[in-house]
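Undergrad: Got a structure for you, questions after.
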Amino acid sequence: MTALNNNVSQPEQPPLSQDFTHINRYWDNLHQVWAAKILPGELYVSTHGEMISTVLGSCISVCIRDKKKGIGGMNHFMLPQNNEFSSESWGTNPITSASRYGNWAMEYLINAILKCGGEKKNFEVKVFGGGQMMARMTDIGQKNILFVYQYLAEEKLRIEASDVGDIYARKVLYFPDTGCVKVRRIKHIKNDTIIRRETEYEQHVKVVDEAKPDASNVELF
């Protein structure tokens, strides 16, 4: 029996666009792929078969790719749009500051994919997040869900799959080259990072009507 070689060297890190030099990239041993981890207010677009990961509470991540060219990316926004109820204290980077809001995050993501050679007619869209993390909170997650469904409808972009709402945080792994998405619903949070982030929402956003779209076609892990 031939022994398996567990010491295969990892491939060279794919080239990085100047637009994403602030993004944390790392080698993921489990999936044997280069990965980019995005935080609230960030987005990442790949043309090289990378994985994109994030963790969501009330936030939304939209995954979009050109399904013919394998060019795609993911965003992570905290609030639907910048208005009089929104906080401005998110830092000085114009992209990461603005893209904490859904209207900017969606425009930046779509334009970045187009800039890399993607075509809107080939877009495949998947949506995740919007959980209600604390029962006492204004349901910001539902406001985010309502916003992104309306935005995509206005852009005439059909949602192929989603896992939104409910009470869970989620870890999302996205593979733009294949369109595969792995979602883990986190029932027990090990630290208070997400909870503290959700508490901030209460201070900056007023109550809105609820909306709860259906979810389908995602791999839970």
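Undergrad: Any idea which residue in the range 165-188 is surrounded by the fewest Cβ atoms within 10 Å (Cβ to Cβ), counting only those that are under 22 Å from K69 (Cα atoms) and among the charged types (D, E, K, R)?
TA: K182
Let's see how each residue does on (1) at pLDDT 75 or above; (2) on the phi > 0 side of the Ramachandran plot; (3) touching a Gly at 6+ places or on another chain (Cβ under 8 Å):
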site	(1), (2), (3)
Q10	yes, no, no
P14	yes, no, yes
H22	yes, no, no
Q32	yes, yes, no
V45	yes, no, yes
F85	no, no, no
S97	no, no, yes
Y101	yes, no, no
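Undergrad: Something else about it: Looking only at strands (runs of 3 or more DSSP E) that fall completely inside the range 1-81, which ones have 1 or more residues that are under 22 Å from V148 (Cβ atoms) and more than 15 Å from the chain's Cα centre (by Cα)?
TA: Working: elements: 24-28, 33-37, 43-46, 51-56, 60-66, 71-75.
Filter on the range 1-81 gives 60-66, 71-75.
Undergrad: Could you check the range 143-159 and list, in sequence order, the residues that are within 15 Å of the chain's Cα centre (by Cα) and within 29 Å of H31 (Cα to Cα)?
TA: Hit for the range 143-159 is I159, nothing else.
Undergrad: So if I check each of I110, I52, I71, which one is in contact with a strand residue (DSSP E or B) (Cβ under 8 Å, 6 or more places away or on another chain), surrounded by fewer than 23 Cβ atoms within 10 Å (Cβ to Cβ), at pLDDT 75 or above and closer than 24 Å to E124 by Cα?
TA: None of the other options fit; the residue is I110.
Undergrad: Answer yes or no: is there a residue in the range 131-139 that is modelled with pLDDT of 95 or more and either over 19 Å from G72 (Cα atoms) or buried (at least 20 other Cβ atoms within 10 Å of the Cβ) (or both). First the steps, then the outcome.
TA: Here is the first cut: in the range 131-139, the ones modelled with pLDDT of 95 or more are none.
No, that holds for no residue.
Undergrad: Mind checking which pairs have a first residue in the range 168-179 that is in a strand (DSSP E or B) and a second that is among the acidic types (D, E), Cβ under 7 Å, 6 or more apart or different chains?
TA: R170/D163
The values are calculated or read from the model by the stated rules, or taken from the named source; none is laboratory data. Keep in mind the model is a prediction, meaning the values are calculated, not measured. Glycine also receives a Cβ, built like all others from the backbone with ideal geometry; neighbour counts cover every protein chain displayed.
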